[in-house]
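Reviewing the structure listed below.
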Amino acid sequence: MPTTATMSDTDRPEFTPELDELFRQHSQFIYRTAFVVTRRPEDAEDVLQTIFLRLMRRTVPPTFRKNPRRYLYVAAVNLSLNTIRFRRSQVLIGDVRSFDRPQDSASSDAGDAPIQQLHRAISTLSPRTVEILILRYVHDYTEPEIARLLGRTRGTIAVTLFRSRNRLRKLMLGRRVEKTDET
């Protein structure tokens with residue numbers, strides 16, 4: 001007798017035409033956002049699938065209907081940050097090679113070091129700050145477009161971008177950085 005539980009057809013979530021349309025409209029945007037944060041295609045795919053599975057299984061919140069792109073984007077950033085933080089906290093016992101060499105070994109490409117350092121620095125920022133950075137520098141949104149999408153003022157977006165660039169610069173140079181509300 002199998003020990004795995006199976007869902008009855010009545011319990012199984014349904015992919016409605018509305019969700020199908022949302023998936024078609026926003027999946028590339030969500031995937032690209034998740035990939036930029038996680039830097040792994042498999043993690044980006046997991047984030048994309050998780051978001052839509054959660055939408056299938058739950059009642060959609062009222063804020064979702066007002067601005068689905070905003071809701072999906074914020075969910076993608078938050079899930080992606082959680083993924084890299086979880087990954088960082090895990091030790092892969094099955095990968096013996098990780099124990100044979102130091103973590104920050106010189107064996108990695110020298111060109112990848114600044115990129116890895118930047119991703120580590122970004123992962124220390126607040127999700128709200130990362131949302132704004134990705135919209136600006138990955139998706140090429142303007143400050144007014146970001147403000148409209150996230151429901152914030154243009155001034156808040158401009159200040160957050162300014163502070164986060166300074167914080168990232170300091171983190172990249174190895175200086176001690178004071179944590180603020182927006183970064």
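The values are calculated or read from the model by the stated rules, or taken from the named source; none is laboratory data. What you see is a predicted model; the values in this text were computed from it and never measured. Glycine gets a Cβ as well: all are built from the backbone with ideal geometry, and neighbour counts include every protein chain shown.
Going by the conditions given, is residue 44 at pLDDT 80 or above and either farther than 29 Å from residue 18 by Cα or outside the structural domain of residue 171 (by TED's automatic domain parsing) (or both)? Quick ask: steps written out before the conclusion?
On the way: at pLDDT 80 or above: yes; either farther than 29 Å from residue 18 by Cα or outside the structural domain of residue 171 (by TED's automatic domain parsing) (or both): yes.
Here the answer is yes, as residue 44 does meet what is asked.
Condition first: out of contact with any Lys or Arg (no Cβ under 7 Å at 6 or more places or on another chain) and either part of a helix (DSSP H, G or I) or at negative phi (or both). Now tell me which residues in the range 139-151 satisfy that. Result: 139, 141, 142, 145, 148.
Please verify whether the range 14-27 includes one or more residues that are among the basic types (Lys, Arg) and modelled with pLDDT under 85. No - not one qualifying residue is present in the range 14-27. From the set of residues in the range 56-79 that are touching a Pro at 6+ places or on another chain (Cβ under 9 Å) and in contact (Cβ under 8 Å) with a residue 24 or more places away in the chain, which is surrounded by the most Cβ atoms within 10 Å (Cβ to Cβ)? Result: 77.
Taking the conditions (1) modelled with pLDDT under 90; (2) closer than 22 Å to residue 41 by Cα in turn, residue 133 satisfies each one other than (1). Quick check on the range 63-95: of everything there that is at pLDDT below 85 and of a type in the set (A, V, I, L, M), which residue is nearest to residue 35 (Cα to Cα)? Within the range 63-95, the match that is nearest to residue 35 (Cα to Cα) is 84.
Somewhere in the range 96-113, is a residue closer than 21 Å to residue 36 by Cβ, at pLDDT below 75 and among the hydroxyl-bearing types (Ser, Thr, Tyr)? Within the range 96-113, one or more residues are closer than 21 Å to residue 36 by Cβ, at pLDDT below 75 and among the hydroxyl-bearing types (Ser, Thr, Tyr).
Candidates 153, 142, 160, 124: the one that is surrounded by 19 or more Cβ atoms within 10 Å (Cβ to Cβ) and of a type in the set (Ser, Thr, Tyr) is 160.
Identify all residues within the range 141-151 that are under 14 Å from residue 73 (Cβ atoms) and of a type outside the set (Phe, Trp, Tyr); write none if there are none.
Within the range 141-151, 145, 146, 147, 148, 149, 150, 151 qualify.
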